[in-house]
Amino acid sequence: MEIVLRSTKSCETLFAHNIGLFSFLIIMANVSPYAAEAQYRPYYPHQHRNISYMHRLSEFHKQELHNIAIRLEHSIDTDKYVCDGYFDYVCGRNRPLFSILGHLPHSGELILLLKQLQEDHEQFEAKKKLFDFFISCNSVKSLDDCYYESFEYFKPLFGYIITKKYINSNSYDVKNFVEILDRFLTKVKSTQTTSRDVIRIKLATLKEKFRMPQIYFRANDLNYEYRELSIYRKSYKHNIKNLELYRKTNSTYEYGVQRTMLDWSLYLYQSRNKPMSYFYATLNVHLWMTLYNSTERQQTLEVGGLQRLLEIGECLKLPQFVNVLDEARILAVVYLKSFRNAWEGYRDWITASTEHQEIYDEENEILEKYRLNNKRLFFTLYAQNFCEFGRDLAENVFYLGLKQNQDFFKIYSCNYKPESFLDCL
């Protein structure tokens, strides 16, 4: 009993933390320290050029497939048998490529962005404060530490240079991003409920605003944003104190439309040249999580809602430490439905056109050299979203969708049949 109680408290703590991740206006939130292993940093010749192709992959896209495959080789634990425990396989080395919060640009990217900020012809006060902070930081810390701290505390300025140089409405990545939003909105619209309709309308509005994200990062607006922030070149400790206070009380980029525009811009910069299997495993699934996190909670407030939830938990065969909490049962349903819809969405995208099928096949030809394919990439990136929550929660809550997925068992040649949770929902 004591073990169950300890597990329950741990579960409550994790779920309380987790629930804050799904605020609608923070679909792709802060970056996570889990990511980019420095020794496997990708290389992009001509990083600032847009890519496009006509029924074939660009060289930039091909290079990124090689990069992500190499990084994945060093991320997963190939000594573990997939079918015995997927968590140990994808999280055993504690090197997930991405987490539920996105991923941190490696230092090479941050150096490039800071250089571009420095060389940008437009000089303004907010930019000066960033570089003054960097100088103060470097007086007591390493360059790498200061690159990351500058990014963490001055993200809107990085949004400024990213939207100015990288966010182009005609680029391949922006088109992928918008296409995923459009497909999600279309599918949600087919099921008319009040709560779904509210989320759909909000997301559609945000999508339109993202056509010109640059307007949220103008120099004058950034100057106004940082107007009350005092930064001193020779006082790093005072700067950190001032920055922490500023973020708690003054930052307009912590919430609302500005936050979403910033998060989406950072996500697109970090996601450039990646395959659709990546976008569906890291973006589309979060859209579904946001939706179901709202609708499933609303259903529990209806007459008989909690009893229905209890029956679902029993049908899903949730372990005791999960099933004793209403919150845990809700999130089990949220993740199961989200995974299922994201996977179906990716399969539908592949077969939606001849061009998509050709892209998918050509990507697989490259990934095959690393004993990978797009489906394995999807499953791995999805699963690594949840490494930080530990084996018990991952296997019994977040991976429920994997356990009933025929393609998963076929790809990894598991010698037993997947569980079926279709009747449970």
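Listed here are the residues, each with its yes/no results for (1) surrounded by 16 or more Cβ atoms within 10 Å (Cβ to Cβ); (2) outside the structural domain of ALA281 (by TED's automatic domain parsing); (3) under 19 Å from the mean Cα position of the chain (by Cα); (4) more than 27 Å from ALA342 (Cα to Cα).
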site: CYS146; (1), (2), (3), (4): yes, yes, no, yes
site: LYS155; (1), (2), (3), (4): yes, yes, yes, yes
site: TYR160; (1), (2), (3), (4): yes, yes, no, yes
site: GLU179; (1), (2), (3), (4): no, yes, yes, no
site: LYS187; (1), (2), (3), (4): yes, yes, no, no
site: SER190; (1), (2), (3), (4): no, yes, no, no
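Screening segment 213-230 for residues that are assigned to a loop (DSSP other than H, G, I, E, B) and either under 16 Å from LYS155 (Cα atoms) or not assigned by TED's automatic domain parsing to the domain that holds GLU125 (or both) and picking the one that is nearest to the chain's Cα centre (by Cα) gives PHE217.
The condition of being touching a helix residue (DSSP H, G or I) at 6+ places or on another chain (Cβ under 8 Å), assigned by TED's automatic domain parsing to the domain that holds ASN242, farther than 28 Å from ASN284 by Cα and crowded, with 21+ Cβ neighbours inside 10 Å holds for PHE133. Residues of segment 234-261 that are among the basic types (Lys, Arg) and in a helix (DSSP H, G or I): LYS237, LYS241, ARG247, LYS248, ARG259. Scanning segment 262-278 finds no residues that are outside any loop (DSSP other than H, G, I, E, B), out of contact with any strand residue (DSSP E or B) (no Cβ under 6 Å at 6 or more places or on another chain), of a type in the set (D, E, K, R) and without any contact (Cβ under 8 Å) to a residue 12 or more places away in the chain. For segment 195-226, a tally of residues being hydroxyl-bearing (Ser, Thr, Tyr), modelled with pLDDT under 90 and either more than 24 Å from GLU344 (Cα to Cα) or in contact with a strand residue (DSSP E or B) (Cβ under 8 Å, 6 or more places away or on another chain) (or both) returns 0.
Yes or no, residue by residue, for (1) among the hydroxyl-bearing types (Ser, Thr, Tyr); (2) assigned by TED's automatic domain parsing to the domain that holds GLN307; (3) loosely packed, with under 13 Cβ neighbours inside 10 Å:
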{"site": "CYS387", "(1), (2), (3)": "no, yes, no"}
{"site": "ALA394", "(1), (2), (3)": "no, yes, no"}
{"site": "TYR399", "(1), (2), (3)": "yes, yes, no"}
{"site": "ASP407", "(1), (2), (3)": "no, yes, no"}
{"site": "SER413", "(1), (2), (3)": "yes, yes, yes"}
{"site": "SER420", "(1), (2), (3)": "yes, yes, yes"}
{"site": "ASP423", "(1), (2), (3)": "no, yes, yes"}
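As a summary of the residue check, GLY313 satisfies the conditions (1) within 15 Å of CYS424 (Cα to Cα); (2) at pLDDT 85 or above except for the one numbered (2). Number of residues in segment 295-316 that are loosely packed, with under 13 Cβ neighbours inside 10 Å and not in a helix (DSSP H, G or I): the value is 4. On inspection, LYS375 passes the criterion of being buried (at least 19 other Cβ atoms within 10 Å of the Cβ) and either of a type in the set (D, E, K, R) or outside the structural domain of LEU97 (by TED's automatic domain parsing) (or both).
The values are calculated or read from the model by the stated rules, or taken from the named source; none is laboratory data. Note that the coordinates shown come from a computational prediction; the quantities given were computed from them, not determined experimentally. For neighbour counting, all protein chains shown are included, and Cβ atoms are generated from backbone atoms with ideal geometry for every residue, glycine included.
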